[in-house]
1. Looking at region A:20-71 only, could you name the residues that are among the hydroxyl-bearing types (Ser, Thr, Tyr) and outside any helix (DSSP H, G or I)?
2. Quick one: how many residues across region A:74-109 are in a loop (DSSP other than H, G, I, E, B) and either open to solvent by 10 Å² or more (accessible area, probe 1.4 Å) or at pLDDT 95 or above (or both)?
3. Across region B:49-70, what is the total count of residues that are in a loop (DSSP other than H, G, I, E, B) and within 14 Å of chain A (Cβ to nearest Cβ)?
4. Looking only at region A:458-467, which residues are under 21 Å from A:Ala59 (Cβ atoms) and surrounded by fewer than 18 Cβ atoms within 10 Å (Cβ to Cβ)?
5. Can you tell me which residue in region A:79-88 is farthest from the other protein chains (Cβ to nearest Cβ), limited to those that are more than 11 Å from ligand 1 (Cβ to nearest atom) and out of contact with any Phe, Trp or Tyr (no Cβ under 7 Å at 6 or more places or on another chain)?
6. Report every pair of residues separated by at least 6 positions or lying on different chains whose Cβ atoms are under 7 Å apart, first residue within region A:334-350 and in contact (Cβ under 8 Å) with a residue 24 or more places away in the chain, second of a type in the set (Phe, Trp, Tyr) and within 8 Å of ligand 1 (Cβ to nearest atom).
7. Looking only at region A:308-318, filter to residues that are more than 10 Å from ligand 1 (Cβ to nearest atom) and of a type in the set (A, V, I, L, M, F, W, C); which one of those is most open to solvent (accessible area, probe 1.4 Å)?
8. So which residues in region A:283-307 are surrounded by 24 or more Cβ atoms within 10 Å (Cβ to Cβ), away from ligand 1 (no atom under 16 Å from the Cβ) and closer than 21 Å to A:Ala342 by Cα, if there are any at all?
Amino acid sequence: MATTAALHAHAPQGFIRKYIFSLDHKVIGLQYYFLALVAVFVGMALSLLMRIHMIWPTAVLPLIGEIKPETYLSLLTMHGTIMVFFVLTTAPQGGFGNYFLPIQIGAPDMAFPVLNMLSFWTTFVGFVVLIAAFFVSGGAPLHGWTGYTPLSALPSAGPGEQLGADLWITSIAIFCIASLMGALNFITTTLDLRAKGMSMMRMPLTCWAWFITAILGLLAFGVLLSAGILLLLDRNLGTSFYVPLVVVNGQIMAHKGGSPLLWQHLFWFFGHPEVYIAILPGMGVASQILSTFSRKPIFGYKAMVYAIMAIGLLGFMVWGHHMFMSGMSPYSAFAFSVMTMAIGVPSAIKTFNWLGTLYKGRIRFQTPMLFAIGFVSMFVSGGLSGPFLAQPVLDIPLHDTAFVVAHFHLIMGVAAIFGIFAATYYWFPKMFGRMMNETLGKVHFFATLIGTYCIFMPMHYLGLAAQPRRYSQFTEVAYLHRLIPLNEFITYVAIITVAAQFIFLFNLFWSMKKGAKASDNPWEATTLEWSTATPPPHDNFGGHTPVVNHGPYEYNVPGAPRDYIMQTDPVTAEAH
Amino acid sequence: MSDVAVQHGLTGAYEPSLFGTYSKKIGMWLFLLSDSLTFGALLYAYSYGRISNPSWPTPFHSSSIINATFMTAFLLTSSLTMVLAVRASVDHKPKQQMWFLLATMLCGTAFVVLHGREWSHLISEGLSLPVFPSVPGAEASPEFVNVTRDVPQFPATFFGLTGMHMLHVTLGVIYLGVIAFRKKFIPVLLLLWLVAWLGTPAYSPFHYGAHVLLVAAIVCTVILWLKPKLYDSSDVEVAGLYWHFVDLVWMFIFPLVYLMSTRIL
Ligand code: HEM
Ligand SMILES: [Cu+2]
């Protein structure tokens, strides 16, 4: 039997082992979270520069000067890469998953703590390498977050395609390795370290989401790693996997016989699962919060679990819908189209179950709940454009327009970010022992909700009016003149919305120091993290492993003494 | 159940683990799953190149095939000795276990050395990547030179796939070395690095490739410093899983890359 004293001796002493090279999943989770926080502000700054350049292409900005067309492409690439990899993949899974998966299943830590630490520091190195691309000669790459070949395979193709592109690929490869280590750890932990009574079907839906996300990561990142290695070979060893016979600036390159489509296949085989890697944890968080704040069991727990599984499975069969424009055979396009429509079914099941959970609930409109509802709203708004894009005939005119930008920003960008916000407001009391300020939280919520809708909804219209995406300048093009006022509107709203994020930043750091003290279970929730101390001790449960007697969402059980039964409550609390 | 709970000195019970296995084993199976997708992507790239090139060459002569057959034999033998090492570790026969691990490592090393000679030979004959410097004084065969010129995907996929596999075997030998000899293996590794680095001429890709050993030596030192523990039979079993997997991958590469590229007269 371990005594508390022994456990204290076990907890690492000294700043470095405790906060820098910590093996504690809670510290590592926070490290991931703050890395993502830095990344998201960098990414936001880049997006503002893009918006400014779009409507005032010749403006001279303080410090930065004039944004040249190629700089615009660098901004685009770095914005997308930072957001997709270092924010949407890092915060929900690496951050919250790391912190709360072990606690929610009753484990003292991840299955492989050393690996966990390595995966964070590898991610960190990947981020540094990516940012370094800004500062090398030629600057950051131009090829977008999807890195389409042959542009990305030819160092002579543009200024950012020299060392900057090598750094970009290296960073992605490093990120793949880090994510693989993380995924392996998450899966093993979920399979192996559940406390007595925590059967798979008693796991909170957050755990299910992290678990399936990890499986997607395990299967997808290995493929991207290979694709990246081959791209590095093309660039540096002169092979021609992705490069056909090409002429750059009048010069015939030494490559021949490769296929740019090979990259697209490999990339999107990873890329589509990746978009679900970004959103699934948000779905888990939304389920958890909607149930807690409606004081009702989640509607259709099993259906939710099977829907996550179905999304994970189908997610590997639809990558071709990003390639309708590539001249693929209409038969494959048809197959990919049908599969893509099919993935809408489990997505819709989840949406209906969320609405079913809200229905007749005694809803508590606190900030986490607002963001969870916002998540559902964004998921629906962004999801509805998906089935349009899934039709090859509709996608061909829409593919290269702002319509796609609207689709994926609403569903992946903003919805996943709302998931992160919801999780932050929800778990902040557990992580830091204090409550976040409600008023500031609500102001932040409404500013962000209205702001993001005003930014991205009009983009559907811009897309239908044929405003191309990835173009640095369009103000000189006659047929787009009438769209300039709408674009100006979007830019102004973007500036305001970004400014509103500083409310969140202030609230976050202010509440850490000055927020009201939080009790162990401020939301009256049921899952295991709320049954331990705040903040949780080094081994999560203070020397013992909890015993789980209940499912994750037992709210308002008739005959129970309170309106919620915690998972650790003794069996007798339930009336039979 | 994992050592994590034990490390934390926690009391209390856990749900039974998947198939009753321990965490490390599940972790290794998961790694192999993702690694098979990594190889799968490379094999996909190979098939893609092969199918989309109507004039895919088949230049290998019997000498290549004979060499590759010997390599295969070494790898298969190593799987056998690996099984025996696992058996010995379960039976608590440390001496035997050590010898069988050593035999496995030697077979693996033989594989890599034969493979390296094969590469050097092909490069000097003219099957090459654009960055490989030309071999001084070598007589290139027109056939291989043509292949390199007309279908650059052939050497690219050949060196890419087999190179990735060679890297896996090399890391496997190092892995087993650390399991079998722990810190005592680090100096051996450094010696091997020096031999491989200084023993190969500057135009050979292995001259630079040898630095993998140096990097591995550093990583192993860090790992042994972070977790200085005795390895038990579970570690041997898990290492065995990795080793058999690498062997299995070769069973795909050998027919696809060698046998299907043979000149049939
Ligand atoms: C009912 C569900 C969905 C359907 C039918 C759907 C369909 C599509 C289609 C057909 C495209 C290709 C458009 C084009 O490039 O021409 C697309 C792009 C995209 N989708 Fe979805 N989608 C769905 C859900 C999601 C979700 C849940 C996410 C992320 C969380 C997502 C993220 C993206 C992204 C990031 C892109 C664009 C990538 C790029 O080209 O840069 N989608 N979607
Ligand atoms: Cu997709």
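The values are calculated or read from the model by the stated rules, or taken from the named source; none is laboratory data. Just so we're clear, the structure is a prediction, and the values are computed from it rather than from any experiment. Because the Cβ atoms are built from the backbone with ideal geometry, glycine has one as well, and the counts that use them run over all protein chains shown. Calculation scope for accessible area: heavy atoms of the full protein, side chains included, ligands and nucleic acids excluded. Shrake-Rupley method; radii C 1.70, N 1.55, O 1.52, S 1.80 Å.
1. Selection gives A:Ser22, A:Thr58.
2. Matching residues across region A:74-109 total 1.
3. 5
4. none
5. Among those residues, the one meeting the criterion is A:His79.
6. Nothing qualifies.
7. Selected residue: A:Leu313.
8. none
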